[in-house]
Amino acid sequence: MIKKVFVFLILVISVFLFGVRYVENPAFSLNQNTALGFEYGTYFGGIHGWTTNFGLYYNEFEENMIGNFYLFASKDSSQSINEVGYSISGENDTIKWGGDIKIVNYTDESTSAFLMNIGIGFAGEIFDNVFLGAFLDDFSIYSQYPGEAFKGNVGIDLVYDLGNFVLYANMNYIKQEYFQFNIGGGVDFDFIALGGYWSPEYYNKVGAFYNKMKGYFAFKIGNLSAKIDAFYSFSNVSSATVDLPMNYENHSYGYNVTIEVRF
């Protein structure tokens, strides 16, 4: 009880942080641990300078289900986004599912707007160890920001999961603005995990193609784990390419570090 009250107080204190946009199938967010995590990162080369990210989350795992309460933060020289949300996901032998709801506040030099976004995703085993998934994520059911209402991310996933070794391919259509592809894989052992992805993006409104690479490395010692995610873009997105509340897409390279303590 004391542990949960302490975690709740930390989350309340952090409610004025700012949130960063993520694109993933809620069905694949199951983390088989009760844990408290903190994230920090920086994206470089943006139109408005560096973007700094903060995050805090708490996972509660019970009977093949995970509840995740989170706050994430993103801020550059003239814009910021606040997110507070809750996600839940679960699985049985052949089916994975997940859902998410969050409140978002976007602020710039002249605007302060609130949004309520939801997500839902499913995945099923179509062959031995092969999962096919589909999802709708970050879908705005309420928006004070012009043009964002009823826009979200739609995606499909194909995963070959052998436990310690995973191959992954997916396609996302992000906010009716551009297509994002991820093709790659990773390995996960008792003490370390690593992986890499080719992540090209096609901006259909302007006919532009941008090539990106992503990778991660994690190590685990007892109940403590640390993960470093990084990306590199071979060309920059211009300010006129997308019409989104905060343009993370134009950064040349960046990283996120996540520290997690399991209970």
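The values are calculated or read from the model by the stated rules, or taken from the named source; none is laboratory data. Owing to the predicted nature of the structure, the values given are computational and were not obtained by experimental measurement. Glycine gets a Cβ as well: all are built from the backbone with ideal geometry, and neighbour counts include every protein chain shown. Heavy atoms of the whole protein, side chains included, go into the accessibility calculation; ligands, DNA and RNA do not. Shrake-Rupley method; radii C 1.70, N 1.55, O 1.52, S 1.80 Å.
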Single residue of the range 32-44 satisfying the filter (in a loop (DSSP other than H, G, I, E, B) and open to solvent by 40 Å² or more (accessible area, probe 1.4 Å)) that is nearest to Ile174 (Cα to Cα): Gln32
Filter result for Tyr57 (assigned to a strand (DSSP E or B), open to solvent by 60 Å² or more (accessible area, probe 1.4 Å) and either closer than 18 Å to Asp138 by Cα or polar (S, T, N, Q) (or both)): no
Positions within the range 208-217 being farther than 30 Å from Asn59 by Cα and open to solvent by less than 60 Å² (accessible area, probe 1.4 Å), in sequence order: Ala208, Tyr210, Asn211, Lys212
Residue match in the range 127-142 (condition: within 24 Å of Pro200 (Cα to Cα) and assigned to a loop (DSSP other than H, G, I, E, B)): no
Output for the range 218-237, where each listed residue is surrounded by fewer than 18 Cβ atoms within 10 Å (Cβ to Cβ), in contact (Cβ under 8 Å) with a residue 24 or more places away in the chain and more than 22 Å from Tyr248 (Cα to Cα): Phe219, Lys220, Ile221, Asn223, Leu224, Ala226
